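A short worksheet on the structure shown next.
The values are calculated or read from the model by the stated rules, or taken from the named source; none is laboratory data. Being a predicted model, the structure only gives us computed values, none of them experimental. Reconstructed Cβ throughout: ideal geometry from the backbone, glycine too, with neighbour counts over all protein chains shown.
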Amino acid sequence: MAADAPRVLARGALGHMQSAAAAPVRYALDVGGTSIPLNDLLGRDVTLRFVGRITCRYCGATTRKSYGDGYCYDCFKTLARCDLCVVSPDRCHYAAGTCREPDWGNAFCMQPHFVYLANSAGPKVGITRPQNVPMRWLDQGATQGVLVMRTQTRHQAGCVEAALARYVGDRTDWRGLIGRDAPRIDLPALLVQLRDRAKLELAALDGRFPGALDWIASPTPQRFDYPVTSYDGAATVLSLIVDVAIGGTLLGIKGQYLLFDTGVLNVRRFTSYHVEVAHGDPIERVRAGPVAGARDQMDLF
Ligand SMILES: [Zn+2]
């Protein structure tokens, strides 16, 4: 039957997952510049085959390994966006004159940022630029999010994030994220608690950055539903292996994860890997055990 014939959807380097706010959230996978709408593929067989090539997403050089988020080693060691301060912005060292790329720092970091609270398998605090709202939450698979403060720079937002994270955390429990729908959290109530618990740290930051930290007067929480029909494959973590088609029936998309009946693939982990994405391709199913067994394993997490 023609409908069942394997069909290659795209070939090329894996880019980041693109997301759009809708009910449910819509995702597209960037493969070599081709955008593959994923929601339309739910319930169908989808495979990714790593063709054994990785190219740096910045300079395009072939690299044996991917560093950071899809870079070659040289770029990873020299680009400001690969520096530690990008993930820990409270450690920004621009003021010390040691920013790897001051022009990039000016454009990326010296602009307004938001501090937010979100529910991505549990409460977390994070920061984002205004143009990334709400995509930042969709990239994390957060079911709820609320902006709580506006700052003038990334560094300021990072300092507030670090202060609040002492009481709430800034990491996502990824196993929880891909294993269940997160229980709802009263984020405005959580904010009141956090502001109280962190009041000494927040007062110190107000003194350090006078007039720069703007609490949002009436925080408005947002909710998101994800295109997930089942979490049955969540106990197995999939990896890209040269010349092996992995995947299976696509059960869902959440954050950076593709949920198959055979397991879950963290797409971002394989940024810049060259793949061939197909659907309708028969694959050798390598699931470790029956679905019931997978559920048992989930209890161990
Ligand atoms: Zn490079």
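Does LEU240 satisfy the criteria of being outside any strand (DSSP E or B), within 17 Å of VAL267 (Cβ to Cβ) and within 20 Å of the chain's Cα centre (by Cα)?
yes
Condition check ((1) at pLDDT 95 or above; (2) in contact with a Gly (Cβ under 6 Å, 6 or more places away or on another chain); (3) among the aromatic types (Phe, Trp, Tyr); (4) surrounded by fewer than 13 Cβ atoms within 10 Å (Cβ to Cβ)) across all residues:
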residue	(1), (2), (3), (4)
CYS159	yes, no, no, no
THR172	no, no, no, no
GLU201	yes, no, no, no
ARG208	yes, no, no, yes
GLY233	no, yes, no, no
ILE241	no, no, no, yes
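More than 26 Å from ARG197 (Cβ to Cβ), surrounded by fewer than 21 Cβ atoms within 10 Å (Cβ to Cβ) and of a type outside the set (Val, Ile, Thr): does that describe LEU84?
Yes; evaluated as a whole, the condition is true for this residue.
Right, ARG154: modelled with pLDDT of 95 or more, charged (D, E, K, R) and in contact with a Cys (Cβ under 6 Å, 6 or more places away or on another chain) or not?
In short, yes.
Taking the conditions exactly as written (free of Cβ contacts under 8 Å to residues at least 40 places away in the same chain and of a type outside the set (S, T, N, Q)), does ASP232 satisfy them or not?
Considered against the rule, which asks whether it is free of Cβ contacts under 8 Å to residues at least 40 places away in the same chain and of a type outside the set (S, T, N, Q), ASP232 comes out as no.
Scan the range 18-33 and give yes if some residue there is crowded, with 18+ Cβ neighbours inside 10 Å, within 15 Å of the ligand (Cβ to nearest atom) and at pLDDT 95 or above, otherwise no.
no
Every residue, every condition in (1) touching a Cys at 6+ places or on another chain (Cβ under 6 Å); (2) within 14 Å of the ligand (Cβ to nearest atom); (3) closer than 29 Å to GLN111 by Cα; (4) without any contact (Cβ under 8 Å) to a residue 60 or more places away in the chain, yes or no:
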{"position": "PRO6", "(1), (2), (3), (4)": "no, no, no, no"}
{"position": "HIS16", "(1), (2), (3), (4)": "no, no, yes, no"}
{"position": "VAL51", "(1), (2), (3), (4)": "no, no, no, no"}
{"position": "CYS72", "(1), (2), (3), (4)": "yes, yes, yes, yes"}
{"position": "CYS82", "(1), (2), (3), (4)": "no, yes, yes, yes"}
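For the range 210-228, name all the residues that are surrounded by 14 or more Cβ atoms within 10 Å (Cβ to Cβ) and part of a loop (DSSP other than H, G, I, E, B).
ALA212, LEU213, ILE216, PRO219, PRO221, PHE224, TYR226, PRO227
So, in the range 155-204, how many residues would count as being charged (D, E, K, R), in a helix (DSSP H, G or I) and within 24 Å of LEU84 (Cβ to Cβ)?
Total satisfying the criteria: 3.
What is the number of the single condition among (1) of a type in the set (S, T, N, Q); (2) out of contact with any Phe, Trp or Tyr (no Cβ under 8 Å at 6 or more places or on another chain); (3) outside any loop (DSSP other than H, G, I, E, B); (4) touching a residue at least 40 places away in the same chain (Cβ under 8 Å) that GLN131 does not meet?
Unmet condition: (4).
Over 11 Å from THR271 (Cα atoms), polar (S, T, N, Q), near the ligand (Cβ under 10 Å from one of its atoms) and in contact with a strand residue (DSSP E or B) (Cβ under 6 Å, 6 or more places away or on another chain): which single residue out of THR78, THR55, THR62, THR47 fits that description?
On inspection, the qualifying residue turns out to be THR62.
Hey, could you check the range 37-81 for residues that are in a strand (DSSP E or B) and within 18 Å of the chain's Cα centre (by Cα) and say which is surrounded by the fewest Cβ atoms within 10 Å (Cβ to Cβ)?
PRO37
Being among the small types (Gly, Ala, Ser) and in contact with a helix residue (DSSP H, G or I) (Cβ under 8 Å, 6 or more places away or on another chain) is the filter here, so list the residues in the range 145-192 that pass it.
If the condition is that a residue be among the small types (Gly, Ala, Ser) and in contact with a helix residue (DSSP H, G or I) (Cβ under 8 Å, 6 or more places away or on another chain), then GLY145, ALA157, GLY158, ALA162, ALA163, GLY179, ALA182 are the ones that fit.
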